[in-house]
1. Round to the nearest 10 and report in Å² the accessible area of E125, as given by a 1.4 Å probe over the protein chains' heavy atoms.
2. Amide H to amide H, which residues 5 or more places from V28 or on other chains are under 5 Å from it, using H placed in the peptide plane?
3. Can you match Rg/Rh (Cα atoms, Kirkwood Rh) to one of these, (1) 1.03; (2) 0.99; (3) 0.93, based on a calculation from the structure here?
4. Can you tell me which lysines have their Cα less than 27 Å from the Cα of K197? Leave out same-chain residues fewer than eight positions away.
5. May I ask for the angle, rounded to the nearest 10°, between helix 12-23 and the longest principal axis of the chain, with both axes built from Cα atoms and the value confined to 0 to 90°?
6. Give me a comma-separated list of calculated 3J(HN,Hα) values for the stretch 33-43, in order, Karplus coefficients 6.51, -1.76, 1.60 applied at θ = phi - 60°, integers in Hz, x for any Gly or Pro.
7. Compute the long axis of helix 74-83 from its Cα atoms, compare it with the longest principal axis of the Cα atoms of the chain, and write down the angle in degrees, 0 to 90, nearest 10.
8. Given the rule -39500 (n - 2.57) for each run of at least 4 DSSP H residues, summed and divided by the residues of the chain, what is its mean residue ellipticity at 222 nm, to the nearest 500 deg cm²/dmol?
Amino acid sequence: MDKPVMILGAGGIGRAALEIFQDNGVVVYGFLEDDEKEHGKEIDTIPVLGSTDDDGYLKLIGKKCEAFVAADENTYRQSLVEMLHERRKMQPVNAVHRTAVIAKSASIGHGNFINQQAKIGAGTELGSHCILHSGALLDFNVKAGDFVQIGAGAVVGSGVTIEEGAFIGSGVTIVSGVTIGKKARIGAGSVVVADVKAKDTVFGNPAQPIKK
């Protein structure tokens, strides 16, 4: 990556992304953060410059620097991505830890956060703006849509389909061939042995729907 990166979001994912970019030899220009209490502060010597809608800094994105969206919450993450599309006509870059393993035949989209020791198997397709926490494993031929989040140490078996916006908690095991519906949520430590419907929340071993 030739250009510096502006990180949108100065929380935990932003700090982790900073370390990833710096470890990969990429210069981080600064942070943009909507919490005004953070403005003027530094994170590991990198300044929090202003808000994510500050035109003075946004105008640099796409010209003098790239952008990475470091928001954990999906609705907010999606709004920042849409803002970059509309106002800067650009896609966020990926932040991939140097210890992550991505198979040569796998494909990944834009704006993904892939943390340390995450593994993406052969033929797997990862969409855009996803979050893979430390040690997450996607076996071969997995299909994960946009804005999917997969917790630390989760194991996703071969041939699994994870639809857009689904949340997979830490330590989850999903057996091969299962489909996780759009915006479904899987509680931490669960073992998923059957399909999960869109927007359902499941938990346990085997995972069962939680009554609302």
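1. Here the accessible area works out near 80 Å².
2. Those lying under 5 Å, H to H, from V28 are V5.
3. Of the listed options (1) 1.03; (2) 0.99; (3) 0.93, (2) comes from this structure.
4. K119, K143, K182, K183, K211, K212
5. It works out to around 70 degrees.
6. 9, 7, 7, 4, 5, 8, 5, x, 7, 10, 10
7. Taking the Cα atoms of the chain, the angle to 74-83 is about 40 degrees.
8. -3500 deg cm²/dmol
The values are calculated or read from the model by the stated rules, or taken from the named source; none is laboratory data. What you are looking at is a predicted structure, and each value in this text was computed from that prediction instead of being measured. Ligands, DNA and RNA are stripped out before the accessible areas are found, and what is left, the full protein with its side chains, is counted by its heavy atoms. Shrake-Rupley method; radii C 1.70, N 1.55, O 1.52, S 1.80 Å.
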